[in-house]
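Here's the structure we're looking at; comments come further down.
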Amino acid sequence: MSAEIICVGTEMLLGDILNSNAQYLAQELAKLGIPHYYQTVVGDNPDRLKQVIEIAASRVQILIFTGGLGPTPDDLTCETIADFFGAPLVERADIVEDIAEKFAQRGRVMSPNNRKQALIPQGAEILPNPTGTAPGIIWQPRTGLTIFTFPGVPSEMYRMWSETAVPFLKSQGWGKEIIYSRSLRFWGIGESALAEKVAAYFDLTNPTVAPYAGKGEVRLRISAKATDATAAQTLIVPVEKQLIEIAGLDYYGADNDTLASVVGNLLRSSQETLSVAESCTGGGLGQMLTEIPGSSDYFFGGVIAYDNSAKVSLLGVKPEDIEKFGAVSPTVAEQMAIGIKNRLSTTWGLSITGIAGPTGGTENKPVGLVYIGLAGPGNQVASFEHRFGAIRGRSLIRYVSANTSLDNLRRRLLTR
């Protein structure tokens, strides 16, 4: 038995709102051990919604709808579902009373169009909404098919799910197993290269291993089905250890770890400190570091030296080297790193200078060219060249540059 999530609303198709409901429900279904292989977003159109219902009802046993339960003419979810299964809509007096009472509590009178929210398919059970005016339904229009409807407002849907839908599903025998996942995170290796290294693990059945990539990093998701989290972890741990061993330094953390948090932990454990000098990232690296609670233990601060004059006056970069090699060069990156390290008296100095685009690139120095400088104990200094390519776009080049600088420092801390 599996479930399908169907989110109704033209605003999601237009990109006006983020579909966070689907993410929440997917995570909740995993907690109950309910597989789900499809998610659908459909606009406020009854014909297209019926097409979606026809397809979904032919391949899954649980349909979960969000959105389209309001009082306006474009809120068509409940009546379309009823029409598809040939059931009449009936007005529930208890729903009308509940809506009227909620309006009264707010010092308002219920509008006539709110009575529409009291119409549910004949034979359906009410899925109560403790905070909003739109109730949902739990309905089994035919053997082997259960339908849930929820309003699109996330806070209302979350509570309705946890207080009513979950107990119902557990009463039907679900929740005896869970699907538990752990996400391993990698930086400095491409998805195809990592997949080639661990290809044999993609044939596992429990746990399963699957790769996915985005914004410069690659992840391997290990998922196990078991009676509880402890049992699932027992299945996951041996595979996790093997994958980490294969990946070596390209593995940096798991689940909610970030490069900034991992580097922070390494610095804290060695009682060392860090300062940064940024050009093309404009403070993005410092922001990543200071997003970590307690980062003041090891992060002293930084300088945004965007203009060349700031590189010279604040970081001690030699103007003749800027003239000779350019601001985007290993020489300048190294001088920025040693300059900020000595200026703030930290163990490590980390710098970034590059061409984020979309303009400013040349044949010899294209958009996406970034140099990272790293100065360490004994004023030893090194630089790293990275070519991220113009196709990534300005924001992504800046984001990847900041994370790559942290990765360069991480690798140095682990291998010195």
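The values are calculated or read from the model by the stated rules, or taken from the named source; none is laboratory data. Being a predicted model, the structure only gives us computed values, none of them experimental. Virtual Cβ from ideal backbone geometry, glycine too; neighbours counted across all protein chains shown. Ligands, DNA and RNA are stripped out before the accessible areas are found, and what is left, the full protein with its side chains, is counted by its heavy atoms. Shrake-Rupley method; radii C 1.70, N 1.55, O 1.52, S 1.80 Å.
Output needed for segment 88-167: three equivalent-ellipsoid semi-axes, defined as square roots of 5 times the C-alpha gyration tensor eigenvalues, in descending order, whole Å. Kindly include the intermediate steps, with their values, before the conclusion.
Numbers: eigenvalues 102, 52, 15 Å².
Value: 23, 16, 9 Å, ordered largest first.
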Practice prompt. Can you pull the one-decimal nm distance between simple spin-label points at R221 and I55, each 7 Å off the Cα toward Cβ?
Written response: 2.0
Item to complete: Along each of the three principal axes of the Cα atoms of segment 1-157, give the extent in whole Å, ordering the values from largest to smallest.
Response: 44, 33, 30
Item to complete: Rounded to whole Hz and in sequence order, give me ³J(HN,Hα) for segment 217-227 from the Karplus expression 6.51 cos²θ - 1.76 cosθ + 1.60, θ = phi - 60°, writing x for Gly and Pro.
Response: 10, 10, 10, 10, 9, 9, 10, 10, 9, 7, 6
Worksheet item: Once you treat every alpha carbon in segment 10-69 as an equal point and sum by Debye, what is log10 I(q)/I(0) at q = 0.13, 0.16 Å⁻¹?
Response: -0.37, -0.57
Worksheet entry | In degrees, nearest ten, helix 330-344 long axis to first principal axis of the chain (Cα) | 90
Worksheet, complete the sentence: Extension length gain for R394 and F103 (0.36 nm per residue less Cα distance), in nm, is 99.9 nm
Worksheet item: Applying the Karplus parametrisation 6.51 cos²θ - 1.76 cosθ + 1.60 with θ = phi - 60° to the phi angles of segment 17-31, what ³J(HN,Hα) value in whole Hz is obtained for each residue in order, glycine and proline being reported as x?
Response: 9, 7, 7, 6, 4, 5, 4, 4, 5, 4, 5, 5, 5, 4, 5
Fill in: Over segment 321-416: Kirkwood hydrodynamic radius from C-alpha pairwise inverse distances, Å
13.5
Worksheet entry | Value of relative contact order over the chain, rounded to a whole percent, pairs C-alpha under 8 Å and six or more apart | 10
Item to complete: Between A93 and E320, with labels modelled 7 Å along Cα→Cβ, what's the label distance in nm to one decimal, could you check?
Response: 9.6
Discussion item. With a 1.4 Å probe and all protein chains left in place, how much accessible area per residue does the chain have, in Å²?
Written reply: 47
Worksheet item: Within the accessible area of the chain, what % is carbon and sulfur when the probe is 1.4 Å and the other protein chains stay in place?
Response: 51
Worksheet item: Between L204 and E363, what length comes free when the chain is fully extended (0.36 nm per residue of separation minus the Cα-Cα distance, one decimal in nm)?
Response: 52.6 nm
Worksheet, complete the sentence: Pseudo-spin-label distance I138 to I244, built 7 Å along Cα→Cβ, given in nm, is 4.1
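How big is Rg to Rh over the chain, alpha-carbon atoms, Rh as the Kirkwood inverse-mean-distance radius?
When Rh is taken as the Kirkwood radius, the ratio is 1.10.
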Item to complete: Pull out the extension gain between Y38 and D16, defined as 0.36 nm times the separation in residues minus the alpha carbon to alpha carbon distance; nm, one decimal.
Response: 5.7 nm
Discussion item. For segment 32-109, compute the orientation-averaged projected area of the C-alpha convex hull (one quarter of its surface), in nm².
Written reply: 7.3
Worksheet item: In terms of modelled amide H atoms, which long-range or inter-chain residues lie less than 5 Å from the amide H of T149?
Response: F65, I137
Practice prompt. Could you give the C-alpha radius of gyration of segment 280-328 expressed as a fraction of 2.2 N^0.38 Å, taking N as the number of residues it contains?
Written response: 1.41
Worksheet, complete the sentence: For segment 212-287, averaging the sequence separation of alpha carbon pairs under 8 Å that lie six or more residues apart and dividing by its residue count, the contact order in percent is 12
Worksheet item: What stretch of the chain, leaving out the sites themselves, is the longest with no GluC sites (Glu not before Pro) in a DSSP loop having at most 12 other Cβ atoms within 10 Å?
Response: 1-290
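Give me the percent relative contact order of segment 348-416, please, defined on Cα pairs under 8 angstrom at least 6 residues apart.
Here the relative contact order equals 31 percent.
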Worksheet item: Amide H to amide H, which residues 5 or more places from T347 or on other chains are under 5 Å from it, using H placed in the peptide plane?
Response: T273, L274
Worksheet item: For segment 95-101, what does the Karplus curve 6.51 cos²θ - 1.76 cosθ + 1.60, with θ = phi - 60°, yield as ³J(HN,Hα) per residue in whole Hz, taken in order and with x for Gly and Pro?
Response: 6, 4, 5, 5, 5, 4, 5
Item to complete: Could you pull out every residue, at least 5 positions away or on a different chain, whose amide H is within less than 5 Å of the one on G357? Hs are placed 1.01 Å off N in the peptide plane, and Pro or chain starts have none.
Response: G368
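For the chain, give the magnitude of the charge dipole about the Cα centre (Cβ charges: +1 Lys/Arg, -1 Asp/Glu; no others), in debye to the nearest 20. Let's see the in-between values first.
Values: 37 positive and 42 negative charges, 188 e Å.
That gives a dipole near 900 debye.
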Discussion item. Once R0 is set to 25 Å, what does the formula 1/(1 + (r/R0)^6) return for the Cβ-Cβ distance between L266 and D228, expressed as a FRET efficiency to the nearest 0.05?
Written reply: 0.15
